[in-house]
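Here's the structure we're looking at; comments come further down.
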Amino acid sequence: MPQTTDSETFSLYLKNGTSAIHEQLDKRIMQLNPFADNAHYQGFLRMQLRLHAAGEQVYQNAQLNTLIPELKQRSRLNAVLQDCVDLNIATELQQHDQQLGQQFTITDSYAGLGWLYTIEGSTLGAAMLLKHVKNSLNLSETFGASHMAAHSDGRATHWREFKAILDNLDLNDLQRKQALDAAKQAFYFVTEAVEELMGTEKKEVTG
């Protein structure tokens, strides 16, 4: 398989290609004050549920599991679901969000790499978000915010190891572009969920 002539590493290529939409999304989420109260945080959790429900197909992808060690174990869908239970989000709303995510088709393994980059990258930013959750809502890695918990070997180490795996993949220019387009797609998917679930006045959605 021919390699790209671009000197950028794959992870840097993805970072540079998504930086604008990533920054815009981060600003929008914080503008909506997701940790103001339980109702706001419930909207944030439902957005996370849609993202991780959509991305779960990537974590279960057989080809990607041969390339990325312990990929299935990286999935945080079950943690998000537990957080939704902790916050008393109604079962029918959880099911609705999962169905919306599961209806989304990630076309191939190269697109899957782009989605993985977006989802795995969120673990770094979760460190700051977890502080807000603890200070504002009195939640923690063991109740209400388990999907934000750091990996046992640390966030930075885990992320560096993941990037190293990406950078060692033998991809050509077309495959890299497929991954970048999919990473952008993941950010747009989240942006739409943010606007729908967090962008208007929210009420408690307890069951």
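The values are calculated or read from the model by the stated rules, or taken from the named source; none is laboratory data. Just so it is clear, the model here is predicted, and its values are computed rather than measured. Because the Cβ atoms are built from the backbone with ideal geometry, glycine has one as well, and the counts that use them run over all protein chains shown.
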Qualifying residue in the range 179-201 (condition: part of a loop (DSSP other than H, G, I, E, B) and at pLDDT 95 or above): no
Test set (1) closer than 17 Å to A126 by Cα; (2) without any contact (Cβ under 8 Å) to a residue 60 or more places away in the chain; (3) in contact with a Phe, Trp or Tyr (Cβ under 9 Å, 6 or more places away or on another chain); (4) of a type outside the set (S, T, Y) - L174 fails condition number: (1)
Scope the range 133-142; condition of a type outside the set (A, V, I, L, M) and over 16 Å from Q48 (Cα atoms); matching residues: K134, N135, S136, N138, S140, T142
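Of all residues being on the phi < 0 side of the Ramachandran plot and free of Cβ contacts under 8 Å to residues at least 12 places away in the same chain in the range 25-68, which is surrounded by the fewest Cβ atoms within 10 Å (Cβ to Cβ)? Just the residue, please.
From the range 25-68, those on the phi < 0 side of the Ramachandran plot are 25-32, 34-68; that's our starting set.
From what's left, free of Cβ contacts under 8 Å to residues at least 12 places away in the same chain: 27, 30-31, 62, 65-66.
Working: K27: 10, M30: 13, Q31: 11, A62: 8, N65: 14, T66: 10.
Going through the qualifying residues, I end up with A62.
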Count - residues of the range 132-154 that are modelled with pLDDT under 95 and in contact with a helix residue (DSSP H, G or I) (Cβ under 6 Å, 6 or more places away or on another chain): 1
Search result, residues across the range 94-110 that are more than 15 Å from L51 (Cβ to Cβ), part of a helix (DSSP H, G or I) and either touching a residue at least 40 places away in the same chain (Cβ under 8 Å) or within 16 Å of the chain's Cα centre (by Cα) (or both): S109, Y110
Exclusive hit being modelled with pLDDT under 95, part of a helix (DSSP H, G or I) and not β-branched (V, I, T), set L129, L113: L129
Residue match in the range 152-170 (condition: more than 15 Å from the chain's Cα centre (by Cα) and under 28 Å from N88 (Cα atoms)): yes
Residues of the range 86-122 classified as surrounded by fewer than 17 Cβ atoms within 10 Å (Cβ to Cβ) and either touching an Asp or Glu at 6+ places or on another chain (Cβ under 9 Å) or at positive phi (or both), total: 2
Criterion violated by S152 - all others in (1) over 18 Å from I119 (Cβ atoms); (2) among the small types (G, A, S); (3) crowded, with 17+ Cβ neighbours inside 10 Å satisfied: (3)
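Looking at G125, is it of a type in the set (G, A, S) and in contact with an Asp or Glu (Cβ under 8 Å, 6 or more places away or on another chain)?
Details: of a type in the set (G, A, S): yes; in contact with an Asp or Glu (Cβ under 8 Å, 6 or more places away or on another chain): yes.
So G125 fits the description; yes.
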Residue satisfying condition, being free of Cβ contacts under 8 Å to residues at least 40 places away in the same chain and farther than 24 Å from I29 by Cβ, within set S152, S140: S152
